[in-house]
Amino acid sequence: MNLKSISVLSTLLALLLFSQQLIAQQSYVKPKLTNSKSWSLVLIPDPQTYVKYDRNVGILNLMTSWVRENADSLNTQFVLCTGDLVEQNDLLNPDTKAANQNSKQQWTNTSEAFRKLDNRVPYVLATGNHDYGHVSAEYRATQYDKYFSPEQNGFNAKALREVGPSLNGNSSAVNAVYEFETPHPKKLLVMVLEFAPRNEVLAWAKKTLDQQKYENHDVILLTHTYLDSKSNHIQKEGYKIEDANYGAAVFEKLVKPSKNIRMVFSGHIGDPDNFDGHIGFRQDKNAAGKTVSQMTFNAQAMGGGWFGNGGDGWLRYLEFLPDGKTVKVKTFSPLFAISPATQNLAYKTEKNQEFQFSLED
């Protein structure tokens with residue numbers, strides 16, 4: 001091949017590369033509501049791998065900063081996080097491979113990331129198995145209350161209605177109920193429950209929702225472990241804690257008998273670099289004949305597995321349309337969206353990642 005041919009080929013390759021980049025840039029559309037009268041909630045999956053390495057903390061900060069910056073355009077009413085806020089609840093000497101931040105640093109990393117939303121957007125955080133015990137639910141003790149309290153975010157304090165049973169007798173938002181008055185159709189409760197809630201907690205939850213003052217509210221239940229990757233209710237897991245109710249028991253003892261739990265959100269599950277191993281969705285009828293939409297969403301082993309970047313920045317935003325029944329789900333990464341070179345990767349568009357469901361009875 002002569003020099004002239006090489007020059008022509010190089011020019012063609014450069015033009016092809018440029019055109020591909022241009023197409024990718026042009027095809028990217030910043031997240032927005034499909035209806036200007038809709039509202040949204042943002043679902044942030046288990047953040048444990050973002051905060052257990054100092055190199056990854058910036059991704060979680062990017063995610064919460066994105067939520068703050070887009071709260072108005074997406075009419076975001078609140079943020080939910082599925083738990084496992086840290087990798088180890090009470091570990092002072094990480095081995096530098098599984099983590100290079102000790103537990104105090106991990107809790108601080110998570111707290112500082114969510115504080116970007118203080119007095120801007122309310123947020124409700126579930127506790128996961130890694131938020132208890134020494135490393136992972138060897139016993140029921142958590143440092144959650146040292147790093148999160150309703151009063152640190154004025155919007156949370158305003159929305160807090162009920163506080164459930166704690167282990168030490170002190171007030172705690174680990175089990176709690178928040179009330180939000182969304183644009184439509186009516187008032188909404190978010191009930192958050194501890195990892196594998198105790199029988200006492202489930203009894204409190206049921207009694208609370210049975211109160212007359214909440215009979216006309218729709219309820220979102222947020223808890224850590226609930227569905228597996230085949231969208232089945234989790235029966236049991238091998239943690240040392242006793243008096244533990246996993247997904248199947250939570251459904252039978254609380255969700256199914258309830259008249260107004262309409263959605264359940266959870267995280268917990270994962271499979272290295274296999275997104276299908278992180279998610280689940282199903283709908284069932286409760287005792288009142290109403291549809292309960294149940295979603296598990298996690299991403300922690302995306303972006304390099306258990307020791308990777310923490311989940312490639314993936315989150316979900318759910319758009320609630322003004323008809324009061326249609327919900328549109330988008331899976332989006334602010335990490336990929338931040339650069340024109342990767343914006344073409346910022347959405348997951350598979351049918352189990354971008355879809356809609358109905359809240360109709």
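The values are calculated or read from the model by the stated rules, or taken from the named source; none is laboratory data. Remember, it's a predicted structure, so these values are computed and weren't measured experimentally. Every residue, glycine among them, receives a Cβ derived from its backbone with ideal geometry; neighbour counts consider all protein chains shown. Protein only, heavy atoms only, side chains kept; ligands, DNA and RNA dropped before computing areas. Shrake-Rupley method; radii C 1.70, N 1.55, O 1.52, S 1.80 Å.
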When you scan segment 285-304, do you find a residue that is at pLDDT 95 or above and assigned to a helix (DSSP H, G or I), even just one? no
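So that you can scan it fast, the table gives a plain yes or no per residue for (1) open to solvent by 10 Å² or more (accessible area, probe 1.4 Å); (2) on the phi < 0 side of the Ramachandran plot:
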| site | (1), (2) |
| --- | --- |
| LYS285 | yes, yes |
| ASN298 | no, yes |
| GLY304 | yes, no |
| ASN309 | yes, yes |
Give me the residue from segment 260-283 that is touching a helix residue (DSSP H, G or I) at 6+ places or on another chain (Cβ under 8 Å) and among the charged types (D, E, K, R) and, out of that set, most open to solvent (accessible area, probe 1.4 Å). ASP273
Index of the failed condition, ASN56 passing every other in (1) open to solvent by less than 30 Å² (accessible area, probe 1.4 Å); (2) touching an Asp or Glu at 6+ places or on another chain (Cβ under 9 Å): (2)
Which of the residues spanning segment 332-361 are surrounded by 14 or more Cβ atoms within 10 Å (Cβ to Cβ), part of a loop (DSSP other than H, G, I, E, B) and not small (Gly, Ala, Ser)? ILE338, THR342, ASN352, GLN353, GLU354, LEU359
Per the filter on segment 185-199, residues assigned to a strand (DSSP E or B) and surrounded by fewer than 20 Cβ atoms within 10 Å (Cβ to Cβ) are LYS187
In this structure, is GLU162 within 30 Å of VAL329 (Cα to Cα), open to solvent by 20 Å² or more (accessible area, probe 1.4 Å) and either touching a Lys or Arg at 6+ places or on another chain (Cβ under 8 Å) or charged (D, E, K, R) (or both)? yes
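Only one residue in THR342, THR331, THR349 is polar (S, T, N, Q) and within 16 Å of the chain's Cα centre (by Cα). Which one? Break it down stepwise before answering.
Details: THR342 fails: within 16 Å of the chain's Cα centre (by Cα); THR349 fails: within 16 Å of the chain's Cα centre (by Cα).
Only one candidate qualifies: THR331.
Can you go through TYR139, TYR132 and tell me which one is aromatic (Phe, Trp, Tyr) and open to solvent by 10 Å² or more (accessible area, probe 1.4 Å)? Break it down stepwise before answering.
Details: TYR132 fails: open to solvent by 10 Å² or more (accessible area, probe 1.4 Å).
Among TYR139, TYR132, only TYR139 is aromatic (Phe, Trp, Tyr) and open to solvent by 10 Å² or more (accessible area, probe 1.4 Å).
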When you scan segment 225-257, how many residues do you find that are at pLDDT below 95 and in contact with a Leu (Cβ under 9 Å, 6 or more places away or on another chain)? 0
Which number in (1) modelled with pLDDT under 95; (2) farther than 30 Å from LEU188 by Cβ marks the one condition that LYS325 misses? (2)
